[in-house]
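Undergrad: Just dropping this structure here.
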Amino acid sequence: MTSTGVPSAPAVPDHPAILAALRLASRAPSVHNTQPWRWVFDGVRLNLYRDPDRQLTAADPLSRQLVISCGAMLHHVRTALAAQGWHTDTVRLPEPTRPEYLAALDFRPWPDPPEGIRARARAIERRRTDRLPMGEPHDWPQLVHAARMLVTPHELEFDVLDDSASPQLAAASEQTKALRRYDMSYQTELHWWAGHADTPEGVPTSSLVSDEEFSRVSVGRTFPSAPHSMRRAEMEDKARLLVLSSPGESIPQWLHTGEALSAVLLECTAIGLSTCALTHVTELPATRKILAGMLTHPGVPQVVIRVGTAPEADDQPPTPRRPLSDILEITRP
């Protein structure tokens with residue numbers, strides 16, 4: 001209330017600040033770079049909706065990966081706004097009868113956010129999905145500690161797979177590949193979203209790897225092959241593997257998974273590490289069961305993250321993003 005008894009207006013970022021935050025946050029990762037999110041800003045509150053038209057009906061029939069992708073975007077937005085000096089109070093699934101309405105954000109001034117948040121915000125534009133062989137990650141114990149601290153608030157389990165688990169996970173990945181090989185719906189969907197140029201979504205050819213390069217990666221989703229190339233020809237893949245698991249299967253848990261995934265990816269990028277998030281080994285019950293058997297904590301495995309180092313000179317191009325006008329609607333209060 002003001003001194004005159006009139007309710008004071010809520011503190012809200014102005015439109016340019018909202019646009020800047022969403023433009024930066026649109027760099028968030030999503031399955032096949034589908035970017036399945038939609039935002040509505042009503043002048044007071046920023047609302048996140050999922051876009052069902054961008055669901056992968058063959059690979060993701062329950063929309064699990066779609067919601068995880070939206071969770072990553074949600075965390076990116078909150079991080080970008082925090083770096084601008086805004087704390088976001090988030091209500092997830094504000095109307096349970098409307099599952100497409102994923103989150104509502106209200107704002108409070110936050111003049112001095114922690115430096116870790118600022119560092120992760122600066123990392124947003126540098127983060128890439130690295131599908132090539134990686135060197136061993138540096139400062140591994142410190143990263144594991146930091147990542148676990150970032151994941152814990154989301155009530156998820158965080159596991160580090162040891163070297164003995166890598167062959168098992170590679171075998172599970174190969175099993176997924178074999179089971180999907182003659183799934184025409186899956187293959188059609190995959191080729192629709194990958195291997196094209198001059199589109200604002202999907203995985204472009206420049207982000208794909210050749211057969212030779214893919215053969216030297218411990219575990220990865222099989223995309224259409226890029227033209228022959230021999231990048232990092234002398235590098236043996238020594239990426240380490242992290243796993244995020246949830247207590248069960250629900251939209252809020254998937255949303256939290258995406259938020260935690262975003263935090264870990266940005267933390268890795270901030271300290272100079274490369275990453276690749278993998279969900280193909282959690283798409284099918286058989287391979288998810290194999291992965292669950294490798295974990296030290298009970299739970300439902302949702303995402304595997306490869307973490308390693310890349311040569312400093314190896315600057316991968318950014319993947320395309322949809323224009324802001326496609327993902328944001330501004331309404332008047």
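Undergrad: Of all the Cα-Cα pairs you can form in region 1-109, what percent are over 19 Å apart?
TA: For region 1-109, the share of Cα pairs beyond 19 Å comes to 47 percent.
Undergrad: Can you list the trypsin sites (Lys or Arg not before Pro) in region 104-206 that are in a DSSP coil and have 12 or fewer other beta carbons within 10 angstrom? Numbers along the way, then the final one.
TA: Values: sites: 118, 120, 122, 126, 127, 128, 131, 148, 177, 180, 181; in loops: 126, 127, 128, 131, 181.
The qualifying sites are 181.
Undergrad: Any chance you could list the semi-axes, whole Å, largest first, of the equivalent ellipsoid that the Cα gyration tensor gives for region 140-308, using √(5λ)?
TA: For region 140-308, the ellipsoid semi-axes come out as 26, 19, 17 Å.
Undergrad: For 246, 210, what ranking results if the residue with the fewest other Cβ atoms within 10 Å of its Cβ goes first? Each step should come with its number before you reach the end.
TA: Working: 246 23, 210 15.
Ascending number of Cβ neighbours within 10 Å: 210, 246.
Undergrad: Can you give the convex hull volume of the alpha carbon atoms of the chain per residue, in Å³?
TA: Details: hull volume 47.2 nm³, N = 333.
Given the Cα convex hull of the chain, per-residue volume reads 142 Å³.
Undergrad: Return the long-range amide H neighbours of residue 107 (sequence gap of 5 or more, or a different chain), with a cut-off of under 5 Å between placed amide H atoms.
TA: The list, which skips near neighbours in sequence, is 89.
Undergrad: Shifting gears a bit: Which of 60, 159, 314 moves most in a GNM of the chain, Cα contacts under 10 Å?
TA: In the Gaussian network model the winner is 314.
Undergrad: Please compute the length gained on full extension between residue 95 and residue 178, using 0.36 nm multiplied by the number of residues separating them and subtracting their Cα-Cα distance. Don't jump to the answer; show the numbers that get you there.
TA: Values: separation 83, 0.36 × 83 = 29.88 nm, distance 4.04 nm.
That pair, residue 95 and residue 178, stretches by 25.8 nm at full extension.
Undergrad: OK, next. What does the helix-only formula give at 222 nm for the chain: each DSSP H stretch with n ≥ 4 adding -39500 (n - 2.57), the total divided by the residues, and the result rounded to the nearest 500 deg cm²/dmol?
TA: -10500 deg cm²/dmol
Undergrad: So what's the angle, to the nearest 10 degrees on a 0 to 90 scale, between helix 64-83 and the longest Cα principal axis of the chain?
TA: Taking the Cα atoms of the chain, the angle to 64-83 is about 50 degrees.
Undergrad: Give the longest segment of the chain that steers clear of GluC sites (Glu not before Pro) in DSSP loops with at most 16 neighbouring Cβ atoms within 10 Å, not counting the sites themselves. Please list the in-between numbers first.
TA: Values: sites that count: 100, 125, 155, 234, 236, 249, 312.
The longest such stretch corresponds to 1-99.
Undergrad: Taking only Cα atoms, what is the 0 to 90° angle, nearest 10, from helix 15-25's long axis to the longest principal axis of the chain?
TA: That helix lies at roughly 10 degrees to the long axis.
Undergrad: Once both labels are modelled 7 Å past Cα along the beta-carbon direction, what's the residue 271-residue 324 spacing in nm?
TA: Result: 3.3 nm between the two label points.
Undergrad: So what's the angle, to the nearest 10 degrees on a 0 to 90 scale, between helix 251-270 and the longest Cα principal axis of the chain?
TA: Helix 251-270 sits at roughly 80 degrees to that axis.
Undergrad: Of all beta bridges DSSP finds with both residues in region 140-308, what is the antiparallel percent, to the nearest 5? Don't skip to the answer; put the middle values down first.
TA: Values: 17 of 18 bridges.
That works out to approximately 95 percent antiparallel.
Undergrad: Compute the signed sum of charges (Lys and Arg +1, Asp and Glu -1) over the other residues within less than 15 Å, Cβ to Cβ, of residue 175.
TA: Cβ neighbours under 15 Å give a net charge of +3.
Undergrad: State the extension gain, in nm to one decimal, for the chain segment bounded by residue 188 and residue 312, taking 0.36 nm per residue of separation less the distance between their alpha-carbons. Numbers along the way, then the final one.
TA: On the way: separation 124, 0.36 × 124 = 44.64 nm, distance 3.58 nm.
Residue separation times 0.36 nm, minus the Cα-Cα distance, leaves 41.1 nm.
Undergrad: For the pair residue 332 and residue 170, what calculated FRET efficiency results from E = 1/(1 + (r/R0)^6), where r is the Cβ-Cβ distance and R0 = 41 Å, to the nearest 0.05?
TA: So, using R0 = 41 Å, E works out to roughly 0.15.
Undergrad: Here is a follow-up. Label residue 152 and residue 233 with points 7 Å out from Cα along Cα→Cβ: what is the distance between them in nm?
TA: 4.7
Undergrad: Given +1 on the Cβ of Lys and Arg, -1 on the Cβ of Asp and Glu, and no further charges, what dipole in debye does region 140-308 carry about its Cα centre, rounded to the nearest 20? Kindly include the intermediate steps, with their values, before the conclusion.
TA: Values: 13 positive and 20 negative charges, 40 e Å.
Using only the charged Cβ atoms, the result is roughly 200 debye.
Each value in this text was obtained by applying a stated rule to the coordinates, not by laboratory testing. Keep in mind it's a predicted model, so treat the numbers as computed, not measured. We place every Cβ from the backbone using ideal geometry, glycine too, and count neighbours over all the protein chains shown.
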